[in-house]
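Undergrad: Here it is: the structure, laid out below.
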Amino acid sequence: MLKLRFLPLLTLLFCQNSQAELRATGDLGVVIERAKGSALIINTSKRSILAKIDSLGDLSHASVVFSRDQRYAFIFGRDGGLSKIDLLQDKVEKRIIQAGNSIGGAISQDGQLIAVSNYTPGGVKIFSTKTLQLVADIPAEYGENKLSKVVGLVDAPNHQFVFTLFDAGEIWVVNIKNPKTIDIKKYKNIGNQPYDALLTPDGRYYIAGLFGEQGLALLDLWNPEKGIKRILPDYGKDDEKLPVYKMPHLEGWAVAGDFMLIPAIGQHEVLVIDKRQWTLVKRIPVIGQPVFVMARPDGRHIWVNFAFPDNQNIQIIDAKTMAIVKSLTPGKAVLHMEFTPRGEEVWVSVRDENQLIVYDTESFKEKKRLPAEKPSGIFFSSRAHQLGL
């Protein structure tokens, strides 16, 4: 009798839910519309735009991370805003202003904490992903009570966040396994003006690029007691320095077999580094100053975009020959690229054309265009299961 009594209610609920569109999270993504302070929720499988989220503040240098279940996107705004977006209900779950000027962030290994790197005031703040309540505040203090801009913030294994102090020339490793007793290890004198950093996909190596001098700084997280190793210290020291209109990004780094490919600073080159010996093996000439150097998920090809005045171009490097095999001209101001999880397609934002372009990565042919207002960063929910992104 008890089952019969509740049967009509259960039937009614089932009928109501069956009329709603079911949406999986694995093929969702977010596209930043930087000039409008808005973001598009997109479906990568259907190559479609599902919704637009407005009133997200200054998104001129926005980045995005995703919750472990891929339901929520956390957007870091340049104005210090941190926005939690519900990708299933197309709405802002919560938004806070946590600083005056922020540059990005990361989500912890267990998905419980989210960290934001700040320029003003310099430091890192850590929040609960559920509530966006502040858990820890880490001022980037150095010298005589000065605060440094923080860059290159990534999540790392063993419940760690790693970041770099631009003004101080330091790398900090923060263990947040117990947020009430945060442990910080500081590595000083890593080099002049570290501007960005990357974490290798296996979570072992943290590498900071240096703007104020030649080379990079490497920290082996498996053997941190060895301290900082300087790599490529003599690269390009005798070359003429070219104007840097836009700083390269290291986060979207490329790995092809035993080699790592990164953008050169002040040179029209992509550098090929042997990641076993951390030595330079080749300099690949490209059409302009590279910004993103990104490998297809299988490492077979590497896609490169460029700073002004060459930002209408994309060049594609073959990982077998380490030579350019294709050049594309999507349109004015190609700002970002993002591969689908298994790499059969790549989405490209073309800001000044107000377009998103989807390319087939085998044939390099255009498959679809979608309208977007001044699009910049493209972020797919598959990032939820990748270290350092």
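The values are calculated or read from the model by the stated rules, or taken from the named source; none is laboratory data. None of these values were measured; they are calculated from a predicted model. Neighbour counts are summed over all protein chains in view; Cβ atoms, including those assigned to glycine, are modelled from backbone coordinates with ideal geometry.
Undergrad: Would a scan of segment 144-152 turn up a residue that is under 18 Å from E251 (Cβ atoms) and of a type in the set (K, R)?
TA: yes
Undergrad: Right, next: Of the residues G209, G203, which is touching a Leu at 6+ places or on another chain (Cβ under 7 Å), assigned to a loop (DSSP other than H, G, I, E, B), at pLDDT 85 or above and within 30 Å of H159 (Cβ to Cβ)?
TA: Testing whether each residue is touching a Leu at 6+ places or on another chain (Cβ under 7 Å), assigned to a loop (DSSP other than H, G, I, E, B), at pLDDT 85 or above and within 30 Å of H159 (Cβ to Cβ) leaves just G203.
Undergrad: Restricting the search to segment 106-117, which residues are within 14 Å of L134 (Cα to Cα) and in a loop (DSSP other than H, G, I, E, B)?
TA: Scanning segment 106-117 gives a single hit, Q112.
Undergrad: Return yes or no: is I96 over 18 Å from the mean Cα position of the chain (by Cα), at pLDDT 95 or above, closer than 16 Å to A115 by Cβ and part of a strand (DSSP E or B)?
TA: So I96 passes the test.
Undergrad: Further question: Considering each of G203, G191 in turn, give the residue that is in contact (Cβ under 8 Å) with a residue 60 or more places away in the chain, touching a strand residue (DSSP E or B) at 6+ places or on another chain (Cβ under 7 Å) and not acidic (D, E).
TA: G203
Undergrad: Going through A62, A39 one at a time, which residue ends up being among the aliphatic types (A, V, I, L, M), under 22 Å from the mean Cα position of the chain (by Cα), at pLDDT below 95 and buried (at least 16 other Cβ atoms within 10 Å of the Cβ)?
TA: Only one candidate passes the filter, namely A62.
Undergrad: Right, next: Please go through segment 217-227 and pick out each residue that is touching a residue at least 40 places away in the same chain (Cβ under 8 Å) and closer than 19 Å to D274 by Cβ.
TA: If the condition is that a residue be touching a residue at least 40 places away in the same chain (Cβ under 8 Å) and closer than 19 Å to D274 by Cβ, then A217, L218, L219 are the ones that fit.
Undergrad: Now, a different point. Looking at E141, is it in contact with a Leu (Cβ under 7 Å, 6 or more places away or on another chain) and among the acidic types (D, E)?
TA: yes
Each row is one residue, and each column tells you yes or no for (1) at pLDDT 95 or above; (2) under 23 Å from I273 (Cα atoms); (3) surrounded by fewer than 23 Cβ atoms within 10 Å (Cβ to Cβ).
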residue: M294; (1), (2), (3): no, yes, yes
residue: D298; (1), (2), (3): no, yes, yes
residue: D318; (1), (2), (3): yes, yes, yes
residue: E344; (1), (2), (3): yes, no, yes
residue: S349; (1), (2), (3): yes, no, no
residue: N354; (1), (2), (3): yes, no, yes
residue: V358; (1), (2), (3): yes, no, yes
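Undergrad: Do we have I284 as among the aliphatic types (A, V, I, L, M), part of a strand (DSSP E or B) and at pLDDT 95 or above here?
TA: The answer is yes for I284.
Undergrad: Residue check: is I273 at pLDDT 90 or above, of a type outside the set (G, A, S) and assigned to a loop (DSSP other than H, G, I, E, B)?
TA: no
Undergrad: Residue by residue through segment 228-244, note down the ones that are at pLDDT 75 or above and surrounded by 14 or more Cβ atoms within 10 Å (Cβ to Cβ).
TA: Residues satisfying the conditions are I228, K229, R230, I231, L232, Y235.
Undergrad: Now a separate question. If Y359 satisfies all but one of (1) part of a strand (DSSP E or B); (2) within 15 Å of the chain's Cα centre (by Cα), what's the number of the condition it fails?
TA: (2)
Undergrad: Kindly check whether there is at least one residue in segment 288-296 that is of a type outside the set (A, V, I, L, M, F, W, C), under 30 Å from D239 (Cβ atoms) and more than 18 Å from the chain's Cα centre (by Cα).
TA: yes
Undergrad: Against the condition surrounded by 20 or more Cβ atoms within 10 Å (Cβ to Cβ), over 19 Å from V30 (Cα atoms) and among the β-branched types (V, I, T), how does I324 come out, does it pass?
TA: Criteria not met by I324.
Undergrad: Pick from I207, I284: which is among the β-branched types (V, I, T) and more than 22 Å from the chain's Cα centre (by Cα)?
TA: Just one listed residue meets the conditions, I284.
Undergrad: Condition first: part of a loop (DSSP other than H, G, I, E, B) and either within 18 Å of K94 (Cβ to Cβ) or among the aromatic types (F, W, Y) (or both). Now tell me which residues in segment 45-57 satisfy that.
TA: D54, S55, L56, G57
Undergrad: Further question on the same structure: How about segment 118-176: which of its residues are out of contact with any Ser or Thr (no Cβ under 8 Å at 6 or more places or on another chain), among the aliphatic types (A, V, I, L, M) and not in a strand (DSSP E or B)?
TA: Selection gives L132 alone.
Undergrad: Okay, moving on. Suppose the filter is surrounded by 22 or more Cβ atoms within 10 Å (Cβ to Cβ), farther than 22 Å from S48 by Cα and without any contact (Cβ under 8 Å) to a residue 60 or more places away in the chain; does N313 pass it?
TA: no
Undergrad: Taking segment 250-259 as the search range and keeping residues that are under 20 Å from I314 (Cβ atoms) and not in a loop (DSSP other than H, G, I, E, B), which one is nearest to the chain's Cα centre (by Cα)?
TA: Here the answer is A254.
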